[in-house]
1. Could you go through the range 48-57 in sequence order and give the Karplus-derived ³J(HN,Hα) for each residue, using 6.51 cos²θ - 1.76 cosθ + 1.60 with θ = phi - 60°, rounded to whole Hz, and x for Gly and Pro?
2. Using a basic spin-label model with each label point 7 Å from the Cα along Cα→Cβ, how many nm lie between residue 51 and residue 35?
3. State the extension gain, in nm to one decimal, for the chain segment bounded by residue 43 and residue 4, taking 0.36 nm per residue of separation less the distance between their alpha-carbons.
Amino acid sequence: MKRLAYGRLAAVVMTAAIAATLSQWQGVFGTPLPDGAGLDEILARAEVATIRSLNAIVSAAVGAVMGFFVRADKNGPLFVTKDKSQ
């Protein structure tokens, strides 16, 4: 575990969390606001989206970490590049 690519692990978890969060916010704000809706409606939707996002982040992060540790090249660098001289 001393050669673990922590940067890659963080990138995988953050990407999964962002994808889970954006889909929840899109689901809440995807419907148009009713006529005459004010700031209260927007704040209520933001609260619902935040709660749903937190629930989605937990499962996305757990899945990302599990996927990270069961793959074959877990000790590889964050960005894998091929040496063209070989």
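Here, each number is a calculation from the coordinates, and none is a lab measurement. Predicted model, so just to flag it, every value in this text is computed and none were measured. Cβ placement follows ideal geometry from the backbone for every residue including glycine, while neighbour counts extend to all protein chains displayed.
1. Per residue, the Karplus-derived 3J(HN,Hα) values read 5, 5, 5, 5, 5, 5, 4, 5, 6, 5 Hz.
2. 3.0 nm
3. Details: separation 39, 0.36 × 39 = 14.04 nm, distance 4.16 nm.
9.9 nm is the gain from fully extending residue 43 to residue 4.
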